[in-house]
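Written below as structure tokens is the structure these notes are about.
Any read-out appearing in this document is the output of simple, stated calculations on the displayed coordinates, not a laboratory observation. Values in this document were obtained by computation on a predicted structure and should not be read as measured data. Heads up, the Cβs are rebuilt from the backbone with ideal geometry, glycines too, and the neighbour counts pull from every protein chain shown.
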Amino acid sequence: MPFSTQDPNVRQDWLTIGSARALAGHAPERPWRTQLLGNTVRAWRDSNGEAIAKTDGRQLPLLERYGYLWVWTGDGPQHPLFALPEFDEHGRRIVDCGGIGVATSGLRVIENFLDMGHFPYVHTGTLGKLPHTEVAPYRVEIDPQTDEIWALDCHFFQPRASASAADGIDAQYRYRVMQPFTAALYKSCPNRADAQDVIGLFVQPLDDEHVIAHVLLVYFEDRLSDAEMIAFQHMIFGQDKPILESHRPRRLPLQGPLESHMRCDFASTTYRRWMRARGMTFGVHTD
């Protein structure tokens, strides 16, 4: 098999290779190129407009959903892609914020996404502010039907929870981990008290220690331009990137004394236990 890993957690799952917009103007003789699990992937649209992806001459099963391209690299039976019904709700803005390269394990990127404790220190003035550092107790559950992780009843004071927020709020959060490299955040919508905005984080594992992190906004937002919304997300992720890249080892330890956790890390510790139970080896640090 051509890929750098046989871990079924990535070989028997849908992985993104990026935004469907990337295929614009690409044909078989001039394909778009990217990387996944250590392999070069070539992709294009055929004469019927269908997206095609190949690696080492092998065509990969491909889905085009949520504005992204998802491929299946294994040989086993395929299960459905995770559901994101908010994407199809009337009135929502769909904004693809593009991908940012990060030199670390994709598992660290997802774990950082789940961490509210770093808000006042890393995202001061936007997602957090000193002295508001306490992470209030919250619940974490694993859905027995989907095997997805949900962190519920999360809230945190944020002086600027989104690009359009004018005042600080006690932002209400729900976190969801659909796959080891795919997560979503449901958070208070400044424009609608009866709804939550959704941020999708779709991590493309180039190899064990390098990723492209793609961010998708599924918002009720009628004030800001796409450019303003994208700029805000890039500012936030730009603050996380150097910290993520400073972690050693780059691969995520799932157990042992390398890193310890506190009560506020309940989502992170559940994520690590969930991956241990799945036998995750790709992107994982082992002695």
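Listing for the model above:
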| quantity | calculated |
| --- | --- |
| Cα-projected label distance for E89 with R30, points at 7 Å along beta-carbon direction, nm | 4.1 nm |
| Reach of K241 by Cα under 26 Å, taken over lysines that are not fewer than 8 positions away in the same chain | K129, K187 |
| Label-to-label distance, nm, for residues given as T286 and R21 (7 Å Cα→Cβ offset) | 4.0 nm |
| Test item: Cα-centred dipole of the stretch 28-96, Lys/Arg +1 and Asp/Glu -1 on Cβ, debye | 260 debye |
| Degrees separating the helix 226-246 axis from the principal Cα axis of the chain, which is the longest one | 90 degrees |
| Residue list for the stretch 91-112, given a label point 7 angstrom along the Cα-to-Cβ vector of M235 and an amide N cut-off under 18 Å | 97-98 |
| Gained length - E228 relative to D170, 0.36 nm times residue gap less alpha-carbon distance | 18.6 nm |
| Over the chain: helical MRE at 222 nm, DSSP H runs n ≥ 4 each giving -39500 (n - 2.57), nearest 500 | -5000 deg cm²/dmol |
| Over the stretch 1-104, relative contact order from alpha-carbon pairs under 8 Å, at least 6 apart, % | 28 percent |
| Spherically averaged projected area of the stretch 19-99 from its Cα convex hull (nm²) | 6.7 nm² |
| Full-stretch length increase - D153, D115 - with 0.36 nm per residue and alpha-carbon distance subtracted | 12.3 nm |
| Relative contact order of the chain, defined on C-alpha pairs under 8 angstrom at six or more residues apart (%) | 20 percent |
| In nm, spacing of pseudo-spin labels at L63 and Q145 (7 Å Cα→C-beta vector) | 1.7 nm |
| Helix axis angle, 266-278 relative to the chain longest principal axis, alpha carbon, degrees | 30 degrees |
